[in-house]
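Laboratory data are not the source of any read-out in this text; all were calculated from the coordinates shown. Keep in mind that this is a model prediction, so the values were computed, not measured. Positions of Cβ are generated from backbone atoms using ideal geometry, with glycine treated the same way; all protein chains shown enter the neighbour counts.
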């Protein structure tokens, strides 16, 4: 096993920690943007992604302290992180690409390095987080595509059930009403049906 203080794994864990913290912050900003546009349920979904990213950051932080102990006080890292803003639809697309990169290349590479250096537990963690990032990518792609196509609150085929997240009213139709008939909240309070197998 490579000495943790001299390992690439230590640096990769620090890079991942920083990336997940920043991603969590960006999702919080995006959630506010969605709320401002009255996409209340979408805002809550995105806030959940932010929570997920901070949970990942905590796991990476704990692996650093577990393997480095009191010897880890400051880790110098050099890495690029995205700093972009834009409309909600653009942010959904940008973050889906970031999630894709983490899931398909960055974390699998970090896992391979950790395994080579003798840190199987860290390799397993990177692979598990990569799987979650794949699911985040699918959610973001679906939200982006449906927002772009105007199908966010419409059924693909026939009629469907739409539930208001504010009062629980179930509405059956080809699309969610512009306003809930019970609590009068706007359409953005209706739940979005996330279909994980829609995007391959």
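Relative to the dominant Cα principal axis of the chain, helix 120-149 is inclined by about 30°. At an R0 of 22 angstrom, the distance between the Cβ atoms of residue 66 and residue 28 translates into a FRET efficiency of 0.20. Extension gain, residue 149 to residue 84: 0.36 nm times the residue separation minus the Cα-Cα distance gives 21.1 nm.
Of the residues 137, 99, 87, the one that moves most in a GNM of the chain with alpha-carbon contacts below 10 Å is 87.
Annotation: peptides 57-64, 172-179, 12-19, ranked by per-residue average of other Cβ atoms within 10 Å with the highest first, follow the order 12-19, 57-64, 172-179.
Compared with the dominant principal axis of the Cα atoms in the chain, helix 88-101 is inclined by about 30°.
Paramagnetic label reach from residue 1 (point 7 Å along Cα→Cβ; backbone nitrogen cut-off under 14 Å): within the range 65-92, residues 65-69. Between helix 8-36 and the chain there is an angle of about 20 degrees, using the helix long axis and the longest principal axis of the Cα atoms.
Return the label of the correct value of Cα Rg over 2.2 N^0.38 Å, as calculated from the structure shown, out of (1) 1.25; (2) 1.21; (3) 1.13. Step by step, Cα Rg over 2.2 N^0.38 Å for this structure corresponds to label (2).
Per DSSP helix of 4 or more residues, -39500 (n - 2.57); summed, then divided by the residues of the chain. What does that give at 222 nm, rounded to the nearest 500?
Value at 222 nm, helices only, nearest 500: -19500 deg cm²/dmol.
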